[in-house]
Each structure stands twice: as C-alpha cells, then as structure tokens.
Amino acid sequence: QQQQQQQQQRETTTTTTQQVQQHKFWDTQPVPRLDEQISDVNDVIEPNKPASELRQEPFKMPEGFRWSELDVQDDAILEEIYALLNENYVEDDDAMFRFDYSMPFLRWALTPPDYEPTFHLGVRHKATLMAFITGVPATACVRGKDVRVVEINYLCVHKRLRSKRLAPVLIKEITRRVNLRGIFQAVYTAGVVLPKPIAACRYWHRSLDPKKLIEIGFSRLAARMTMARTLKLYKLPDQPKSKLRPMRRDDVESARDLLHSYLAKFNLYPKFTVEEFAHVFLPRKNVIDSFVIADDDDDDDLDGLVDDVVGVKTTTTKGGTTQSQKTTGTNGPPKAAKKNTTKVTDMCSFYHLPSTVIGHEKHSTLKAAYSFYNVATTVPLVDLMRDALICAKRLGMDVFNALDIMENDSFLKDLKFGIGDGHLQFYLYNWKCASMEPNDIGLVLL
C-alpha cells in the first residue's frame with residue numbers, strides 16, 4: 001500500500017509539472033487567461049502582421065531532429081502517419097482503447113479543396129517519423145463574424161519523446177507557416193483544460209452492440225440487469241421509419257443550403273463552399289456516411305441502397321484500406337444520379353472512427369460512429385436520429401457517439417444515450433469572445 005501511495009504521488013507530481021509547463025507555454029500565446037472574464041469582446045487579440053514582419057526561418061529542432069513536410073497523397077508517407085497515430089495518439093485514461101484513424105479517413109480529413117500541403121507537418125529523427133501536427137484552412141462564423149481559420153488537429157508526439165517538449169515547438173512552427181499564408185486565427189479541441197476554452201462539452205454514447213461493449217470493458221452490465229434484458233433494452237428496429245437514402249452528388253447544393261440555414265442559429269459554426277461540402281459529406285465507405293430525405297424521392301429509399309453498401313464483401317488491410325470483391329458500394333463519393341435537382345429537407349451524417357482494443361483476447365477493434373451534422377425539418381430530430389442509429393447498426397457499428405452540442409441534447413436521453421467520461425474543450429487561437437454553452441456550438445472537428 002505504501003508503494004502504491006508513493007507511485008500515485010509520483011504520478012500526481014508529474015501531472016502537475018506537465019500542467020505548469022503547458023500553462024507556461026500558453027501564457028506566451030495570444031489566448032485568454034484561464035481566469036479572464038470576457039463579456040462584450042468578439043475580436044482578434046493580436047492584429048494581423050504583414051509577411052515582412054513574420055519569422056521567415058523554421059524554428060530550430062533539437063539535435064538529430066528535422067522538420068518534414070508530409071504528402072498525404074503518397075501512400076508510403078500516409079502509412080507512416082497512420083502508424084505513428086495508431087501507436088501514440090489519444091487513448092483513454094485506463095489504456096484500454098486508442099483511436100485508430102484509418103488511412104482513407106486521414107486522407108479525407110486532411111485534403112479538402114484548397115488544402116495547404118505545408119500545413120501537414122512532421123518531425124523526423126533520422127528517417128523515422130516521431131511527431132505530427134496538421135492545419136486545415138476553413139471559414140468559421142464566430143458570434144456573427146466570418147473568420148478565416150485553420151483547424152488544428154492530430155498533434156501527436158511519439159511516447160519516447162514526451163519529455164523533449166516537442167509539442168510547443170510544433171505549435172509555434174505550424175503557427176508560423178499559417179501566418180505566412182495570411183491566416184492568424186485557429187480553432188482546435190482538446191480533452192484537457194488549457195487557457196482558455198470557449199466551451200466545455202461532454203461525450204454521450206449509445207450502445208449498438210451491448211454484448212461486445214460489455215466484453216471489452218467499454219460499458220458494464222447495470223445493476224439488476226441481465227445480458228438478455230440489456231440486449232432487449234438497446235434493440236433497434238430493423239428498418240428506418242423515414243425515407244432516408246444515402247446522399248448523392250446532385251443533393252450537394254440543396255443539402256449545403258439546408259445545413260447553412262440551420263447552423264446560422266449557433267455562435268460557432270463552419271461555412272462550406274459547394275466543393276468543400278461535397279468533399280466532406282458525400283459518402284465514403286468506412287469513412288463518412290450521410291443520408292438525406294428529399295421531397296421528390298419515391299419509395300425506393302434506404303433499404304436497397306444501404307444493403308448495397310453493407311453487401312460489399314471486403315477484406316481490410318493495414319491502415320484500413322479495403323479490397324472489394326464487388327464493384328458496387330461506396331468506396332468513394334458516389335456517382336451523380338440521373339436526377340438533376342433535388343430539394344433536401346432533412347439530413348443526418350456520422351463518421352467512422354474505430355479504436356484499437358488494447359490487449360483483449362477476443363476483440364481487437366471497437367467500431368464507433370460519431371454524430372456529425374444533422375438537420376430535421378419534416379420529421380422530429382429524435383426520429384431522424386433514431387434512423388441514424390439504425391443505419392449505423394446496419395453498417396456494423398458497435399457504438400454511436402455524440403457530443404452535447406447543437407441540439408443533440410434534445411434526443412440523447414430519449415434514444416438511450418449514456419453520458420460518458422470524456423470531456424472535450426473547444427478553443428480559439430488569437431481570438432477573444434465570451435464563453436459559450438455546448439448548445440451554442442455548431443462545429444464538429446474530425
């Protein structure tokens with residue numbers, strides 16, 4: 001017991017030291033202080049600077065390390081990124097699960113129209129990739145103001161280098177590169193509290209395969225509940241109730257207009273060009289699924305189309321690439337349908353982000369769907385999301401996750417979501433505005 005107490009004390013001391021070091025770094029950055037009260041400000045912290053006043057040379061690296069721009073269109077480089085993230089990226093506090101971003105997912109997330117290759121930044125020690133950070137240009141509306149930002153994501157440092165203080169250097173270098181392209185604001189999320197969140201949100205989880213989730217320790221059997229009763233509690237209908245079908249290319253403009261009209265009610269949300277919307281939302285197998293209800297659809301809706309997706313027999317290779325034994329299905333954005341125009345009245349979407357199950361003798365992967373953007377106008381949102389759960393279940397998902405952002409709180413309890421342990425803070429870099437509640441947030445970062 002004494003040894004246990006000493007170990008806990010060492011871990012607490014280490015955590016406290018890391019937090020102090022983190023805040024020491026963030027105190028040098030254009031972000032609000034943790035104790036700062038903000039009410040009537042919605043503007044930059046530091047003014048934009050001309051390129052001539054910006055640092056032109058990359059920040060120096062520790063001896064033996066070098067910067068490396070990473071071409072995610074190159075399969076070999078993408079596989080290096082996949083391996084680094086798979087072995088060193090976010091895992092839960094109990095080291096039971098670790099995010100397993102597939103190679104197709106990473107390429108989709110990092111290459112929207114007009115992406116900037118120099119914002120995909122790695123650090124190598126000799127030839128080995130040891131750290132990574134990305135920035136994706138986007139437009140965000142912050143309390144009514146359109147702001148050009150980068151979405152900062154996938155900050156990852158190899159476990160062996162956690163003591164080298166590489167993360168601050170990565171952040172400063174990506175900031176320098178972004179500034180040189182004329183962008184001075186960023187949006188990012190983190191599971192830890194840094195100076196200063198604009199919103200603090202919670203993850204909720206809806207069991208789709210309760211037996212598997214209990215076996216791997218993701219959830220547990222509730223008191224006075226048997227497995228049979230648990231399976232019955234979470235059982236979903238076999239078919240969606242509404243006339244959902246997968247989004248098609250000819251839905252893009254109408255669906256984009258629908259989403260933008262809906263998101264305008266929130267205090268932080270993205271704005272997509274037509275090309276960006278098509279890239280982000282058109283279905284890609286095992287990456288993103290988007291469904292719509294359109295006012296001119298006949299009765300040939302979800303059943304046959306989803307069966308076509310589910311019915312493709314594939315074998316998964318390292319990194320999540322697939323080899324198909326059937327040419328139909330959605331391995332990429334679907335081809336345009338014969339119709340020229342449709343009016344989309346409702347849409348729902350979720351992305352696929354599995355996790356590695358660490359050290360389990362039976363299961364190696366947790367298949368998770370994450371709620372993305374959902375708009376209901378002709379059916380209640382709770383009914384639309386029940387159908388989204390059914391679609392996810394039919395696509396083989398084990399769990400459906402959602403943040404308590406947008407209007408998600410209106411369906412979470414009714415659809416038997418349970419609140420999770422995970423917290424997610426939203427941050428703005430070089431921007432000061434009043435704090436927001438979760439239901440003020442209309443933005444999902446991948």
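Tell me which residues, restricted to the range 39-51, are over 26 Å from residue 123 (Cα atoms) and either at pLDDT below 95 or not β-branched (Val, Ile, Thr) (or both). Spell out the reasoning first.
The first filter runs over the range 39-51 and keeps only residues over 26 Å from residue 123 (Cα atoms), leaving 39-50.
Those that are over 26 Å from residue 123 (Cα atoms) and either at pLDDT below 95 or not β-branched (Val, Ile, Thr) (or both): 39, 40, 42, 43, 46, 47, 48, 49, 50.
Out of everything in the range 404-428 that is assigned to a strand (DSSP E or B) and in contact with a Ser or Thr (Cβ under 8 Å, 6 or more places away or on another chain), what residue ends up being surrounded by the most Cβ atoms within 10 Å (Cβ to Cβ)? The qualifying residue surrounded by the most Cβ atoms within 10 Å (Cβ to Cβ) is 426.
Condition first: closer than 28 Å to residue 438 by Cα, open to solvent by less than 20 Å² (accessible area, probe 1.4 Å) and not β-branched (Val, Ile, Thr). Now tell me which residues in the range 243-268 satisfy that. Once the filter is applied, which keeps residues that are closer than 28 Å to residue 438 by Cα, open to solvent by less than 20 Å² (accessible area, probe 1.4 Å) and not β-branched (Val, Ile, Thr), the range 243-268 yields 244, 247, 255, 259, 263, 266, 268.
The residues of the range 30-70 that are under 23 Å from residue 157 (Cα atoms), part of a strand (DSSP E or B) and not hydroxyl-bearing (Ser, Thr, Tyr), listed by number, are 65, 66, 67, 69.
Here residue 401 clears all of (1) over 22 Å from residue 253 (Cα atoms); (2) not in a strand (DSSP E or B) except the condition numbered (2).
Which of the residues that make up the range 158-200 are hydroxyl-bearing (Ser, Thr, Tyr) and at pLDDT below 95?
Matches in the range 158-200: 163 only.
Among the criteria (1) buried (at least 17 other Cβ atoms within 10 Å of the Cβ); (2) of a type in the set (Gly, Ala, Ser); (3) closer than 30 Å to residue 219 by Cα, the one residue 68 does not fulfil is (3).
A Cβ distance below 6 Å, combined with a sequence gap of six or more or placement on separate chains, defines the contacts here; from the range 161-190, residues that are more than 15 Å from residue 66 (Cα to Cα) reach residues that are among the charged types (D, E, K, R) in the pairs 176/55; 183/148; 187/151.
Looking at the range 210-226, which of the residues that are open to solvent by less than 60 Å² (accessible area, probe 1.4 Å) and either more than 15 Å from residue 368 (Cα to Cα) or among the acidic types (Asp, Glu) (or both) is modelled with the highest pLDDT? The selected residue is 225. The residue of the range 271-295 that is most open to solvent (accessible area, probe 1.4 Å), among those that are within 28 Å of residue 142 (Cα to Cα) and acidic (Asp, Glu), is 275. Quick check, is residue 129 assigned to a helix (DSSP H, G or I) and closer than 17 Å to residue 166 by Cα? No. Could you say whether any residue in the range 90-98 is on the phi > 0 side of the Ramachandran plot and either open to solvent by 10 Å² or more (accessible area, probe 1.4 Å) or in a loop (DSSP other than H, G, I, E, B) (or both)? Yes - at least one qualifying residue is present in the range 90-98.
Sort out which residues of the range 162-181 are among the small types (Gly, Ala, Ser) and touching a strand residue (DSSP E or B) at 6+ places or on another chain (Cβ under 8 Å), and write them in order of number. Listed by number, the list holds a single entry, 167. Yes or no: residue 395 under 23 Å from residue 98 (Cα atoms) and surrounded by fewer than 19 Cβ atoms within 10 Å (Cβ to Cβ)? So residue 395 passes the test.
Given 388, 368, which one is open to solvent by less than 10 Å² (accessible area, probe 1.4 Å), in contact (Cβ under 8 Å) with a residue 40 or more places away in the chain, closer than 25 Å to residue 214 by Cβ and touching a strand residue (DSSP E or B) at 6+ places or on another chain (Cβ under 9 Å)?
On the way: 368 fails: in contact (Cβ under 8 Å) with a residue 40 or more places away in the chain.
Answer to the selection: 388.
Kindly indicate which of 56, 19 is modelled with pLDDT under 95 and either closer than 23 Å to residue 99 by Cβ or open to solvent by 100 Å² or more (accessible area, probe 1.4 Å) (or both). Give the steps one after another, and end with the answer.
Values: 56 fails: modelled with pLDDT under 95.
Criteria check complete, one pass: 19.
Please determine, by comparing only the residues of the range 71-89 that are open to solvent by less than 60 Å² (accessible area, probe 1.4 Å) and touching a His at 6+ places or on another chain (Cβ under 8 Å), which one is nearest to residue 111 (Cα to Cα). My answer is 72. As a summary of the residue check, residue 336 satisfies the conditions (1) modelled with pLDDT of 95 or more; (2) closer than 19 Å to residue 284 by Cα; (3) hydrophobic (A, V, I, L, M, F, W, C) except for the one numbered (1). Can you work out which of the residues in the range 157-203 that are of a type in the set (Lys, Arg) and assigned to a helix (DSSP H, G or I) is most open to solvent (accessible area, probe 1.4 Å)? Of everything passing the filter in the range 157-203, 160 is most open to solvent (accessible area, probe 1.4 Å).
The values are calculated or read from the model by the stated rules, or taken from the named source; none is laboratory data. None of these values were measured; they are calculated from a predicted model. Don't worry about glycine lacking a Cβ; one is built from the backbone with ideal geometry, like all the others, and counts go over all protein chains shown. Keep in mind that these areas ignore ligands, DNA and RNA; they rest on the heavy atoms of the full protein, side chains included. Shrake-Rupley method; radii C 1.70, N 1.55, O 1.52, S 1.80 Å.
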